[in-house]
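A short reminder: the numbers here are calculations on the coordinates, not readings from a lab. This is a predicted model, so every value here is computed, not measured. A quick note on method: Cβ atoms are made from the backbone with ideal geometry, for glycine too, and the neighbour counts reach across all protein chains shown.
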Amino acid sequence: MVKSAFITGAADGIGAGLARQLSSLGYAVTLADINTAGAHAIAQEITMTTQGAQTLALHCDVINEASQNKAFQAHIQRFGTLNVVILNAGIMESGDLFDSSSNTWQRSLQVNLSGVLYGVRIAVQSMKALGTTQGGVIMPVASAGGIYPIPMGPVYSAAKGGVVMLTQSLGRNLMKNYGIRIVALCPEYVDTALVRGVREQQGAAAADALLRPVKGKLLTVEQVANVGVELVQNADQVVGKCVLVLSTGEVMIPDWPRLQNLNLRPSPPPFTASSTTTKSTYEVPRVLSNQARKIIVTRLSPNFREATQIVTFPLPQIPEGCVLIKNLYCGINASDVNFTSGKYQRGGGPSEPPFDAGFEACGIVVGEGTGQKTLSIGQPVATMQYGGFSEYSIVPAKQCLPMRRAAPAVLALLTSGLTASISLEHTARLKSGEIVLVTAAAGGTGQFFVQLAKAKGAHVIATCGSNEKGQFLKSLGADRVINYKTESLKTVLKNEYPQGVNLVCELVGGEMFSTCLNALAPGGRLLIIGAVSQYSTGWKPSTHVGLPEKLLVRSASLLGFFLPMYAVHFKRHLAQLLDAVEGGKLHVELDPSNFVGLEAVFDAVKHLQRGQSMGKVYVTLDPAVSVAETGRGSGGVASRL
C-alpha cells in the first residue's frame, strides 16, 4: 500500500515545504488547512511538478476536534494508510495578554497547543484502528520559542513550550506501547507568512526586536523542511526529542537542565564548580573528578598510534589567573603527525618526549583559580595550545577564546579557518580578480581557502580526489573543480589557464608542489600551508631541481605560513569567521565520521591521513554530550552539535 502523510497548516510555509518534500519521496499527501484555497493551490502545484504524486486538499480548523477528525478520516478513506502525521498549523499571538478588553491571545493558545493535542489524540487512535502503528511517525512543529522565552510573544512561547513537553512526555510510552515515534521540530525564525506578518501587523520596530536574537537572519522553508524529512526518515534516533534548528543552519538536541540547589549565600571560594547548563548543552558537574586522561607523545614517529599513548594524570590545584576546562571536542589536523615526528619546535628547542598531543579543543569552564575575573563557570571556550587531546585542560584565562557555544563547528574555525583567513590577508595578500588554485580543497582547511578566496573576488580552481568531493566544492562556489584521479591537473592547467595562476594555496606537497610551481603566472605566489601527502612517511626534506631558476624567470615567490607565529591576529580573524558563519556567508563542513571518546583520536588521525575525510575531522571527547549538527555529507541526523 502507498505510504501516506497527513499535514496540517499545509497551505503555506513549512507545511507546504514538507508536503512537497514528502511527495517527492513517494508519499501520498493530505494538505489540511483552514485556508482551503491555499491548500488546493499547493496540492495542484505538487501534482503538476511531481510525477505520480497523490494529493488531497481539505478544509480543517485545528481548534475544532471534530473538524480535525473529519479530515483524518477523509485521508484514511482516500489512501487507506496513515504513516506520518505532521501537526504544523500555528499562528502568532496578537493583542495584549493584560488587556481585559481583549481575549485574542486565547486563539494563539488554542491553535498552537490545543490543536496539537487534538491532532496527536486522533493520530494515535487512527493508527491503532488501522493496525499499522509500528513505524508510524507523529511530528508536531513547535518552535525555538518553546525552548527559549519570547518576551514579545509569551502566550505563543507558552503554547509551543507545551508542545515540547508533550513530545518529551509521550515519547517513551508511545514507542513502547504502540511503536509510534514522536519528535518535535523546533526551528528558530523562518521566512514564512507567520513571521512576515509581525512586521505587517505590529510594525518594523516590533519585527526588528523579535529577530534581534538571531541578528535578523531567517531560515528558509527548504532548510527546515529538509531537517523535518530527515527526522521522519530517522525517527528511531530521535524518539521524544525536540530538535532545534538554529538560524545558522545548525541542528541541535537540547539537554534539559536538572534540578540544582539555590544558594543565596556569599560567593564561594575561588576554586568553584557549579551545576550550570550552558548553551553548549553540557551540565557542569557538581563534583569534579580529581583525575583525567590525555594523549601524550612517548616516542618520535610519524605513526601516530605508535608514537602516543593514553595516560591518566591528577588534576592539580588551578593556578592563579587560570581556569579548568572540561573539553567536549577536539580537532584533528594533518600536522598532528608532524608533531609526533618532532618536526615542530616547543619552547625554542626540539620536541623531546614525553609531551602532550593535540592542537585545539573546545569545552566549558568548570573551575577557576584565584584572581580570575575574565570567564565565568559554564562559559563555553575554545583553546589553541599543545595538549588538546585531553579530557581536561588548565589554561590561562587570557588565552581562552570565549564562544557562544562549545560545538564541533567551532573547531573547524580554529586551526583550519584561521590558517586560511590569516594567510590570505597577511601572507598571500590576495587581490580581487586573481586566479587561485587550492589543493586538497575539500579538507578541513581547503574548504575555507575556497570560500574566502571567492569572497574576495578571486577565480578559484579546486583539486580533490572524488566526484562527491567535487560536488561539494562546486556548492562552495569553486569555478573549476579538478578530480586528479580522473583528470590530469597538469593538462588542465596548461590548456585552460595558459597564462598561469596568480596564487597557489598548497597543502599536499610532493609531486603536487612541482605541478603547482610550474603553473605559476609571472609574479605569482605559491603559499606553502603543508605537505599532507608526505606527513605519514616522516616528511623527509625535498629537492626540487631548478627551483631558484623557475622563481627567477617568473619573478615568482614561495611563501611559508606557520599559524602559531600569527597569534596576535587570532581573536580578530576568529570574530570575522564567526560573523561570516552566523551571517550565512561561510559554510562549515564537518566530516560525517562519528568518532567518540578519547580512544577514538587514533582512528580519527588515521582517517584524515588516509585522505578519506571531507570537511573538518573532530572527536567528541565526552560520550554524554547530547548535540546534533548536520553537514552536507552527514547523512541523517547525528547527535553531534
In Å and on Cα atoms, what radius of gyration and Dmax does the stretch 4-247 show? 17.0, 53
Extending each Cα 7 Å along its Cβ direction at ASP622 and GLU352, get the distance between those two points in nm, one decimal. 3.7 nm
Within straight cross-link reach of LYS326, meaning Cα distance under 16 Å, which lysines are found once same-chain residues fewer than 8 apart are removed? LYS279, LYS294
Whole-Hz Karplus ³J(HN,Hα) for the stretch 453-470, in order, using 6.51 cos²θ - 1.76 cosθ + 1.60 and θ = phi - 60°, x for Gly and Pro? 5, 4, 5, 8, x, 8, 8, 10, 9, 10, 9, 7, x, 7, 5, 4, 5, x
What are the ³J(HN,Hα) values, in whole Hz, obtained from phi via the Karplus relation 6.51 cos²θ - 1.76 cosθ + 1.60 with θ = phi - 60°, for each residue of the stretch 41-46 in sequence order, with x given for Gly and Pro? 5, 5, 4, 5, 4, 4
Computed label-point distance, nm, for sites ARG172 and GLU222 using a 7 Å Cα→Cβ extension: 4.1 nm
In debye to the nearest 20, the charge dipole size for the chain, taken about the Cα centre with +1 at each Lys and Arg Cβ and -1 at each Asp and Glu Cβ, equals 660 debye
Amide H neighbours of VAL381 under 5 Å, counting only residues 5+ apart in sequence or on other chains, H built in-plane at 1.01 Å? GLY363, ILE364, VAL365, MET403
Please give the peptides 301-307, 226-232 ranked by average Cβ packing (other Cβ atoms within 10 Å per residue), highest first, as a rough proxy for protection. 226-232, 301-307
Please give the length that would be gained between ASN64 and LYS585 if that part of the chain were fully extended, namely 0.36 nm times their separation in residues minus their C-alpha to C-alpha distance (nm, one decimal). 183.2 nm
Hey, what did the chain get for relative contact order, percent, Cα under 8 Å, at least 6 apart? 10 percent
Listed residues HIS426, GLY477, CYS505: farthest to the positive end of the dipole of the stretch 425-566 (Cβ charges): HIS426
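Note down the Stokes-Einstein diffusion coefficient of the chain in µm²/s, whole number, using a Kirkwood radius over alpha carbon pairs, 37 °C, and 0.692 mPa s.
Details: Rh = 27.0 Å.
The calculation lands on 121 µm²/s.
Between ASP479 and ALA575, what is 0.36 nm times their sequence separation minus the Cα-Cα distance? Round to one decimal in nm. Walk me through the intermediate numbers first.
Details: separation 96, 0.36 × 96 = 34.56 nm, distance 2.73 nm.
Stretched out fully, the ASP479 to ALA575 stretch lengthens by 31.8 nm.
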Karplus-derived HN-Hα couplings along the stretch 381-395 (A = 6.51, B = -1.76, C = 1.60, θ = phi - 60°), whole Hz, x at Gly and Pro: 9, 10, 9, 10, 7, 4, x, x, 8, 8, 6, 9, 9, 10, 9
Going toward the positive end of the dipole of the chain, with +1 on Lys and Arg Cβ and -1 on Asp and Glu Cβ, which of THR308, LEU56, ILE253 do you reach last? THR308
Helix 570-582: inclination vs the chain longest Cα principal axis, degrees, rounded to 10, gives 30 degrees
Take the stretch 355-478, compute every pairwise Cα distance, and split them into 5 Å bins from 0; I just need the percent in each bin. 2, 10, 18, 17, 14, 12, 12, 8, 5, 2, 0
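Going down the list LYS398/LYS616; LYS176/LYS469; LYS3/LYS217, which pairs span over 32 Å between their C-alpha atoms? Intermediate values should be presented prior to the final figure.
On the way: LYS398/LYS616 26 Å; LYS176/LYS469 41 Å; LYS3/LYS217 35 Å.
Result: LYS176/LYS469; LYS3/LYS217 exceed 32 Å.
Full-extension gain between THR36 and GLN51, please, as 0.36 nm times their residue separation minus the C-alpha to C-alpha distance. Don't jump to the answer; show the numbers that get you there.
Details: separation 15, 0.36 × 15 = 5.40 nm, distance 2.32 nm.
Gain on stretching THR36 to GLN51: 3.1 nm.
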If amide hydrogens are placed 1.01 Å from N in the peptide plane, which non-local residues have theirs closer than 5 Å to the one on ALA292? PHE313, LEU315
Kindly provide the helix-only [θ] at 222 nm of the chain, computed as the sum of -39,500 (n - 2.57) over DSSP H runs of four or more divided by all residues, to the nearest 500 deg cm²/dmol? -9500 deg cm²/dmol
